[in-house]
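Notes follow once the structure below has been shown.
The values are calculated or read from the model by the stated rules, or taken from the named source; none is laboratory data. Note that the structure is a prediction, hence the values are computed from the model and not measured. Glycine also receives a Cβ, built like all others from the backbone with ideal geometry; neighbour counts cover every protein chain displayed. Just the protein is used for accessible areas: all its heavy atoms, side chains included, with ligands, DNA and RNA removed. Shrake-Rupley method; radii C 1.70, N 1.55, O 1.52, S 1.80 Å.
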Amino acid sequence: MSSIFFSAERNQHLLADANQDPSAATEHLPTDLPGNDLHSFRSTSRSGINFPSAIANLLHLHHSSPTPLPAVNELTPTFTPKDDISSLRSFIHGPGDWSSLLDPLHPSLRREILKYGEFSQATYDAFDNNPGSEYRGSSLYGRRRILQLLGLSRYGYAVSRYIYATSNINLPRWFVQPLLRPKSSWCDVSNWMGFVAVSGDAESRRIGCRDIAVAWRGTVSAAEWVEDLQAQLVPLIPGAPDHEGARVERGFLSLYTSRSESSRFTRSSASEQVMRELRRLVEFYKNRGEDVSVTITGHSLGGALALLNAAEAASILPADVAVTVISFGAPRVGNELFGEMLKAKKVKVLRVATKQDLVPKVPGVVFNEERMGEGWEWVYTHVGDELALDAEASMYLKRGVVDVAGFHGLETYLHLVDGHEKAGGVFRARARRDIALVNKFTGLLREDLAIPERWYQPANKGMVRNEFGRWVVPRRPKEDIPSPYVPSPAAGAASSSSAP
């Protein structure tokens with residue numbers, strides 16, 4: 001491997017420090033080196049390359065004087081009124097080419113990107129990752145309440161079912177750690193991975209079709225991608241003639257297709273769960289004579305699963321159902337033939353990627369040069385159109401820092417999307433999204449904004465005072481206790497008159 005990027009011991013030390021020590025993660029790179037001695041560090045490089053400069057260039061980090069901050073009016077709404085975009089249906093939720101809407105970024109497309117980004121963020125906000133929870137690894141909220149409790153009911157969607165996943169191979173620690181919990185009250189071999197939601201009547205009229213959204217949950221820890229990614233390409237569907245030569249990353253495919261007979265939640269794979277629901281919903285709405293779109297979204301690992309889901313959906317659903325992917329900070333998933341297969345099946349893909357984020361750079365040629373000699377079918381490539389973001393365009397973010405988790409964080413992405421107008425442009429003055437959300441799980445905001453780092457946590461860390469004055473861990477409401485999916489006539493009722 002290239003000594004520029006992978007004098008592996010040094011690089012993993014840097015990434016481990018950034019992940020495990022939050023205070024070190026936001027230091028300027030030269031002071032974050034072992035021993036804080038830049039000259040001794042350089043002397044260890046066989047090629048004499050300035051390693052800190054190489055990493056800074058890879059992440060597009062530059063030191064510059066802080067830009068004066070505009071005044072933030074705390075009395076203004078954090079989202080703009082929804083406009084009727086049915087005339088743009090073909091370009092945004094249909095088969096039309098949306099490249100003309102990307103640069104400059106059309107305001108209506110920006111709002112749709114943010115909508116699906118918030119659905120992706122909901123899979124993090126609702127994920128129970130509390131080590132002491134008897135339901136760790138599940139959703140904190142039942143499907144009928146999740147969007148309302150997370151403040152997303154304004155989008156006019158209703159969740160019709162949850163998706164759960166397991167795996168038959170050794171997955172990275174960020175996934176298996178929740179599975180190593182003590183015996184739980186719900187399941188020990190499955191994790192909640194996302195949901196399927198349907199647009200209601202009003203939202204469907206606004207966008208010009210009945211939209212079925214699938215949101216996949218991503219990783220818990222960003223820096224562990226580099227160390228733990230399987231990075232082994234395997235056939236998408238062995239022996240299938242229309243998929244011949246298409247290869248995808250082994251760990252992603254296992255997570256998407258594995259079952260566990262010991263779990264009520266994953267006796268069917270994530271693939272089988274989501275496709276059963278998509279077929280059911282598409283059939284219901286098409287029988288009503290409606291135009292139907294499927295929009296699949298996810299961040300990080302969720303973006304990888306979104307591509308696999310889109311490949312399957314486009315192969316199985318009727319040809320007139322548009323299948324679209326909007327991903328955030330997603331890694332490469334497969335080889336060039338996998339990308340060509342998606343294109344042949346008319347899957348539209350928009351990859352939102354920040355220059356300073358490591359995850360979209362893996363796995364690939366830089367990280368897997370030894371595969372180059374084995375033939376191009378073993379080389380990872382990205383798929384679709386890219387919306388390239390630059391963290392240095394935002395005057396609200398710290399400059400010249402290495403914060404692997406911060407640059408990869410979905411809230412950082414949504415902040416940058418809200419401020420993006422065109423490639424190389426400045427952060428737009430009319431951005432409305434609350435900037436405090438950037439520091440929800442990170443510390444990327446400038447210190448002079450006086451917004452605490454990593455401020456998001458349940459009130460009193462989830463403890464409540466009972467009627468006897470004692471602080472206790474509350475029991476979940478019945479409607480929020482995980483239970484296997486059972487379809488009903490009112491499943492996912494976006495409105496009672498249109499529910500499948």
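Some points to look at:
- Calculated FRET value between W471 and E244, using beta carbons and R₀ = 60 Å, to 0.05: 0.50
- Cα-based reach from K422 at 23 Å (exclusive), listing lysines while leaving out same-chain residues under 8 positions away: K82, K115, K348, K355, K361, K398
- Our coupling estimate for the range 294-309, obtained by passing each phi through the Karplus curve with A = 6.51, B = -1.76, C = 1.60 and θ = phi - 60°, is 10, 10, 10, 9, x, 10, 6, 3, x, x, 5, 5, 4, 5, 4, 4 Hz, Gly and Pro reported as x.
- Calculated from backbone phi, Karplus (6.51, -1.76, 1.60) coupling profile of the range 461-476 in Hz, x at Gly/Pro: 6, x, 6, 10, 9, 7, 5, 9, x, 9, 7, 9, 7, x, 7, 5
- The H on the amide N of T219, modeled in the peptide plane, is under 5 Å from the matching H of L301, G302, each at least 5 residues off or on a different chain.
- Largest to smallest in accessible area, the residues W471, W455 fall in the order W471, W455 (1.4 Å probe, all protein chains included).
- What the Cβ-Cβ distance of R267 and D320 gives, at R0 = 30 Å and to the nearest 0.05, is a FRET efficiency of 0.40.
- The calculated FRET efficiency for R276 paired with A450, based on their beta-carbon distance and R0 = 45 Å, is about 0.35.
- Extension gain, R144 to R288, is 49.5 nm, computed as 0.36 nm per intervening residue step minus the present C-alpha separation.
- Charge dipole of the range 329-482 about the Cα centre (unit charges at C-beta), most positive-ward option of Y380, L437, M341: L437
- Long-range amide H partners of V325 with built H, under 5 Å: I296, K348, V349, L350
- Computed packing ranks the peptides 136-148, 328-340 as 328-340, 136-148, most packed first, by mean other Cβ atoms within 10 Å.
- Amide hydrogen neighbours beyond the local backbone of D211, cut-off 5 Å, H modeled: S199, S293
- Ordered from highest to lowest accessible area with the whole protein assembly present and a 1.4 Å probe, E453, E261, E283 read as E261, E283, E453.
- Ranked by the mean number of other Cβ atoms within 10 Å of their residues, highest first, the peptides 405-411, 253-259 fall in the order 405-411, 253-259.
- Each peptide among 321-327, 433-439, 294-300 gets the average number of other Cβ atoms lying within 10 Å of its residues, and from highest to lowest they stand as 294-300, 321-327, 433-439.
- Theoretical gain in end-to-end length, D390 to S483 [0.36 nm per residue, Cα-Cα removed]: 29.3 nm
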